[in-house]
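Heads up, the thing below is written out as structure tokens.
No lab work stands behind these numbers, since they all come straight from the coordinates. All values reported here derive from a predicted model rather than from experimental measurement. Here the Cβ positions follow ideal geometry from the backbone for every residue, glycine too, while neighbour counts run over all protein chains shown.
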Amino acid sequence: MFDKNPNLRHVNEKVTYTQEQYLELLKCQEDILYFAETYCYFQPIDHGFIHPELRDYQKKILKSYVNTPENRRHCIVMAPRQSGKTVTTGIFVLHYLLFNTDENIAIVANKERMAGIVTGK
């Protein structure tokens with residue numbers, strides 16, 4: 001385990017998965033909605049950790065994000081304020097980094113302090 005946080009594994013730590021764990025990983029990799037509804041939580045300011053209750057349009061957004069790479073490049077979401085875009089995109093970013101190797105994701109904003117770079121390396 002990682003020295004500073006016992007819940008994190010070290011970078012080169014060898015892990016042996018059971019058949020059940022391996023099948024669960026495959027299921028999560030193949031179905032982003034299953035991954036989101038089973039393993040994703042978020043923490044609102046005034047509550048503990050809760051599962052996001054995805055609306056139909058959020059499910060549609062997630063499915064379009066994980067479509068083929070050629071189509072994903074041309075995905076634009078036009079949605080009003082307070083419609084769950086951040087939670088939906090956060091789920092996709094987490095899924096993408098967990099199940100792809102050597103990938104980078106840039107998160108941009110109109111102010112430098114609001115933006116960041118997330119790396120899967």
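Compute the signed sum of charges (Lys and Arg +1, Asp and Glu -1) over the other residues within less than 15 Å, Cβ to Cβ, of residue 78. Mind dumping the intermediate values first?
Working: positive: 60, 81, 85; negative: none.
That sum, taken over residues with Cβ under 15 Å, equals +3.
Explain nothing, just the number: dipole magnitude of region 7-49 about its Cα centre with +1 on each Lys and Arg Cβ and -1 on each Asp and Glu Cβ, in debye rounded to the nearest 20. Kindly include the intermediate steps, with their values, before the conclusion.
Working: 3 positive and 7 negative charges, 47 e Å.
Charge dipole, region 7-49, about its Cα centre: 220 debye, nearest 20.
Between residue 63 and residue 108, the simple spin-label model (points 7 angstrom out along Cα→Cβ) gives 2.9 nm. The phi torsions of region 26-37, fed into the Karplus equation with coefficients 6.51, -1.76 and 1.60 and a -60° offset, translate into couplings of 4, 4, 5, 5, 7, 10, 5, 5, 4, 4, 5, 6 Hz, rounded to whole numbers, with Gly and Pro shown as x.
Please give the FRET efficiency for residue 45 paired with residue 8, using the beta carbon to beta carbon distance and R0 = 30 Å, rounded to the nearest 0.05. Rounded to the nearest 0.05, the efficiency is 0.75.
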